1. Compute the acute angle (0 to 90°) between the alpha-carbon long axis of helix 113-122 and the principal axis of greatest extent of the alpha-carbon atoms of the chain; round to the nearest 10°.
2. Measuring with a 1.4 Å probe in the full set of protein chains, what accessible area per residue, in whole Å², belongs to the chain?
3. Whole angstrom only: what separates the Cα centroid of segment 186-228 from the Cα centroid of segment 120-183?
4. Students often check this: by mean Cβ neighbours within 10 Å, which of 373-386, 12-25, 139-152 ranks highest, and how do the rest follow?
5. What order do Met96, Met104, Met336, Met304 take when sorted by accessible area (1.4 Å probe), most exposed first?
6. His83: accessible area at probe 1.4 Å, nearest 10 Å²?
7. Keeping every protein chain in place, order Lys305, Lys59 by accessible area at 1.4 Å, biggest value first, i.e. largest first.
8. In whole Hz and in residue order, list the ³J(HN,Hα) couplings for segment 401-414 that follow from phi through the Karplus curve 6.51 cos²θ - 1.76 cosθ + 1.60, θ = phi - 60°; x for Gly and Pro.
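The values are calculated or read from the model by the stated rules, or taken from the named source; none is laboratory data. Predicted, not measured: the structure shown is a model, and the values here were computed from it. So basically every Cβ, Gly included, is an ideal-geometry build from the backbone, and we count neighbours across all protein chains shown. Just so you know, the surface numbers come from the protein's heavy atoms only, side chains and all, with ligands and any DNA or RNA stripped out. Shrake-Rupley method; radii C 1.70, N 1.55, O 1.52, S 1.80 Å.
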Amino acid sequence: MKAIINLDQLVTCIHTTSKAKRGPEMNDVGVISNGAIIIDDGFIRGVGSTYSLQKTIDKIPKENIIDGRGKIVIPGFVDSHTHAIFAGTREKEFAMRLQGKPYMEILLAGGGILNSRKTLMESSDKEIIEQTRARFDRMIAFGTTSVEVKSGYGLSTEQEIRSLELLKVLSESHVIDVQKTFLGAHAVPPEYKDSKSDYVSLVCNEMIPIIASKKLAKYCDVFCEKGVFNVNDTERIFETAIANGLELRLHSDEIESLGGTELACALGARSVDHLIAITNNGLKALEKCETIANLLPGTSYSLMKSYAPAREMINRGIALSLSTDCNPGSCYTESMPMIISLACLNMKLTPAEALNAATFNGACSLGIQDRVGSLEMGKEADLLLLDMQSYEAIPYHFGINPVLKTMKYGKWID
Ligand code: NIG
Ligand code: FE
C-alpha cells in the first residue's frame, strides 16, 4: 500500500455518472483540500482529506508515503486523438507554411500525409518503433497515461496492417495505455488519384475486414475534408466499419464543413474531432446526441487558423474533450498541459472545463471511463503529481512541464 498525503489539492475530476460531463458539469473538478490518496496493487483504495483517511495512512510504512505539501495530484491525461505512429518529421513543410503555403496545398501537391507515407514505407520496423516509443516516453513525462493512436500513413493494406501491428507490439511493451484506431482513409494515395472510389472500395472490402478480424483496432476514423474524402465516401466506410464491429471517430470540419459531423452523429460516432469550421447544423446535431466534440487547439495554433467555437458548444450542452492531435504535419506536440493552456487562452475554457476535457471526457470518448479518467475508489491508479498549488496554474504557467511524477497503474514511472 502507498499514499500521497497533505496535498494542497487532490483534483478528482469525479462524475456522478459514467457519461461525459456537459454544460455546467464541466466546471466541477471535485477539489479536495489537504487531500490524500491511497493506492494498492494498481488501484485506488482511498480518496479524501488527509484527516479523513488518517487511520489507514497510519498503517502504511513511512517509506511508502509521499508528503504532498505545496503540490497537487490530478488524474493522468487521456489524449484521445493522436497520429503518434509515424517515421521522420516534416519541419521543411512547417517552414513553407510559415511562408504562407496552405496545409492542404502541400498535401494535394504530394507532400504532407503523402510525404510521411513515403518515409514510413522506407523505414524499418525498428526505426518506426524507436521513434514512436520516444514519443510515448515524452507523453508519459508530460502526464499522458492513456492515448489513442491512429494508423493512416500506410495507405495500402500491407502498410496499414503493418502500422497497427507495430503499434500492438509497442503497446504491449510500453507502460502507456494505447487505444488503436484504423485511419486508412487519411489521404488518397497517388496511385488512386483518378479512381478514389476504388481506394474507398479497398478500404471497405479488404482493409476493414482484415483489421477487424485480427482485432488490430477498436475504432475507424476518416479524414472527411474537401479534396480528401467526402460525406458519401465517409458513409460507405462507416457502414462497413459498423458491420465489422468497429466504433467510429471522425476528422470533421477541420478546414471546411462538408456535413461529416451530422453523419457521424446520426451513426452514433464516439467522437467528432477538430470542428474549427462547424456549422449551425453540425452544432444542432451534436446537441442531440452522445457524440463528444473532441477539440484540438494545438492544430489551430500550429496551422495559424481560428479555433473551434468551444464556448458556444459548452453553452449548448455539448460534451467536449481535448487532445493533442500529435502528428508530423498539422500539430507536432505530445504536451497535454500545452493543449490545456491553448484551450483556456484561445477558446476561453475555464481551467476546470479544460481539465475535465483532458481527463474524464477524453476517457468517455474512448469508452474507458470506468477504468481511468478520474480519481475514485476502485479505478486504476493513473495520476500525476504536479509542482503547483492549484489546478488553475496548469494553463497559467505555460511552456513548462508541471509534472513532477507520473503514476501509471499504481507505479511511478521514471
Ligand atoms: O488531424 N487532418 C488530417 N490528419 C492530421 C494531420 C496529419 C498530417 O499532416 O500528417 C490532422 O490534422
Ligand atoms: Fe488528426
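1. The answer is roughly 90 degrees.
2. Details: 15840 Å² over 414 residues.
Per residue, the chain has an accessible area of 38 Å².
3. 18
4. 139-152, 373-386, 12-25
5. Sorted descending by solvent-accessible area, the residues read Met304, Met96, Met104, Met336.
6. For His83, the solvent-accessible surface is approximately 0 Å².
7. Most to least solvent-accessible, the answer reads Lys59, Lys305.
8. Rounded to whole hertz, the list is 9, x, 7, 7, 8, 10, 10, 10, 6, x, 10, 6, 9, 7.
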